[in-house]
Amino acid sequence: METMSPQQGSMAQTRSGSTGEGKVENKKKMKTLAQRRQSAPSMVISKALTKSRSSSSRDNLLSPLRPESCPLVQSLLLDRTGRVFLEHAQTQLKTGLQTQDRHLLLFTDTLLVAKTKSAGQLKVKSVVRVCEMWLSDCMEEVCEGSTSPERSFVLGWPTCNYVVTFSSPDLKEKWLQLIQSRISEEKEKDDPKTIPLKVFAKDMGNCAFAKTLAVSHGDTTTDVIRTALLQFGIPGSVKDHQLWVSSSRDGPPYPLIGHEFPFSIKMSHIRDGGVGGVGGVGGGARDPASPSDCPGVLLLDQCLPPDTQCQFILKPSRVAPHLAALLGKTPTPSCSCPGGHDLCGVRVPETGSEVI
């Protein structure tokens, strides 16, 4: 047997030592890998659970509103037999320079305007009777700044107007046709369909102070002005005159644009017992199904205190209301109207009224 030289023995011991160290090192690596393999599943599960919780929380915040299951919608459906929920849309309402995001929820006889309160929850801003609503395309008369005619139209009720903007032209057309059909159908249920409307003339020279006109539920403000000019015997065109309405004890008279329904304004005032919103801010939560308690007599406002009766004032449109406000021009009172009504002290409403 061949003997190893001292040098070879030294090299063998070195290799043997290296091999032993390598085995120890390998064992350490295997142990570390085993520990990693054992801890990996728990880490993955923990991360998955954390992600799931965060995703769930985020989904709740971003989850779309489900109006059918909304307590507000359910309460309105239970409030009146035959009421049906029709459509929901997220829109923007704009008046003056202000814009607000709002939810529109349309029922057969009611429009609900609301804002988002929390995930899946709404806060009521206005409950409107469909029979008292009106539509128009006069967006430049309602708000300032740019608008999108392809996605917008004017929607109003006593006594306010808003430019409502939808997310697409198709959705706008769908809502426009739906609201038009609902207004027509609900107005057919009006009883009576014609009411006496007293109109006061102001700054019209020596003409009679007031005339009572027969106004139907389909007559616009422009129609009423035309009839009033004939009744008062006042020369001139409709565009040279403006109809103002006072439906609040403390609020100033408010100018109408021309497309509104004076019939609806007065009927709304009567149904609400003489508490009317005015000046572009209005339509608080109210019962849209509340009937007139004493038809006929109530139509003449005789059931309401004199200082809460709805009043209509015909005036020359010397300066457009928004220009008068911008120029700081306020019509000067010339007299006091009988009955304690300050109909001559007409004040131009402030611009930039708060959106509902």
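The values are calculated or read from the model by the stated rules, or taken from the named source; none is laboratory data. What you see is a predicted model; the values in this text were computed from it and never measured. Cβ coordinates were reconstructed from backbone atoms using ideal geometry, including for glycine residues, and neighbour counts include every protein chain displayed. Only protein heavy atoms, including side chains, enter the accessible area calculation; ligands, DNA and RNA are left aside. Shrake-Rupley method; radii C 1.70, N 1.55, O 1.52, S 1.80 Å.
Assuming GLY283 fulfils every condition listed in (1) open to solvent by less than 30 Å² (accessible area, probe 1.4 Å); (2) modelled with pLDDT under 95; (3) within 26 Å of GLU141 (Cβ to Cβ); (4) not in a loop (DSSP other than H, G, I, E, B) apart from one, which condition is it? GLY283 satisfies all of (1) open to solvent by less than 30 Å² (accessible area, probe 1.4 Å); (2) modelled with pLDDT under 95; (3) within 26 Å of GLU141 (Cβ to Cβ); (4) not in a loop (DSSP other than H, G, I, E, B) except (4). For segment 211-258, filtering for residues that are of a type in the set (Gly, Ala, Ser) and part of a loop (DSSP other than H, G, I, E, B) leaves 8.
For segment 183-191, the condition of being over 30 Å from ARG102 (Cβ atoms) and in contact (Cβ under 8 Å) with a residue 24 or more places away in the chain holds for at least one residue.
In segment 223-232, the residue that is nearest to the chain's Cα centre (by Cα) out of those that are open to solvent by less than 60 Å² (accessible area, probe 1.4 Å) and more than 21 Å from THR159 (Cβ to Cβ) is LEU229.
Looking at segment 88-97 only, could you name the residues that are crowded, with 16+ Cβ neighbours inside 10 Å and either among the charged types (D, E, K, R) or on the phi < 0 side of the Ramachandran plot (or both)? If you could, list the steps in order and put the result at the bottom.
Of all residues in segment 88-97, those crowded, with 16+ Cβ neighbours inside 10 Å come to 88-89, 91-96.
Selection gives HIS88, ALA89, THR91, GLN92, LEU93, LYS94, THR95.
So, LEU86, is that one over 14 Å from the mean Cα position of the chain (by Cα) and part of a strand (DSSP E or B) or not? Taking the combined requirement at face value, the residue satisfies it.
Can you find even one residue in segment 267-277 that is of a type outside the set (A, V, I, L, M), modelled with pLDDT of 90 or more and either part of a helix (DSSP H, G or I) or surrounded by fewer than 21 Cβ atoms within 10 Å (Cβ to Cβ) (or both)? Yes, there is a match, as at least one residue in segment 267-277 is of a type outside the set (A, V, I, L, M), modelled with pLDDT of 90 or more and either part of a helix (DSSP H, G or I) or surrounded by fewer than 21 Cβ atoms within 10 Å (Cβ to Cβ) (or both). For segment 189-210, the criterion of being polar (S, T, N, Q) and part of a helix (DSSP H, G or I) is met by none of the residues. Of all residues in segment 116-149, those that are surrounded by fewer than 16 Cβ atoms within 10 Å (Cβ to Cβ) and among the basic types (Lys, Arg) total 2. Among the conditions (1) closer than 24 Å to MET267 by Cα; (2) hydroxyl-bearing (Ser, Thr, Tyr); (3) buried (at least 19 other Cβ atoms within 10 Å of the Cβ), SER216 misses just one, which is (3).
Results for (1) more than 22 Å from GLN309 (Cβ to Cβ); (2) open to solvent by less than 60 Å² (accessible area, probe 1.4 Å); (3) at pLDDT below 95, shown as yes or no for each residue.
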{"residue": "GLN180", "(1), (2), (3)": "yes, no, no"}
{"residue": "PRO192", "(1), (2), (3)": "no, yes, yes"}
{"residue": "ASP203", "(1), (2), (3)": "no, no, yes"}
{"residue": "THR212", "(1), (2), (3)": "no, no, yes"}
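Would segment 103-114 turn up any residue that is open to solvent by 20 Å² or more (accessible area, probe 1.4 Å) and closer than 26 Å to ASP190 by Cβ? Checked against the condition, which is being open to solvent by 20 Å² or more (accessible area, probe 1.4 Å) and closer than 26 Å to ASP190 by Cβ, segment 103-114 yields at least one hit.
Selection of segment 130-151 for residues being outside any loop (DSSP other than H, G, I, E, B) and of a type outside the set (D, E, K, R) yields VAL130, CYS131, TRP134, LEU135, SER136, MET139, VAL142, CYS143.
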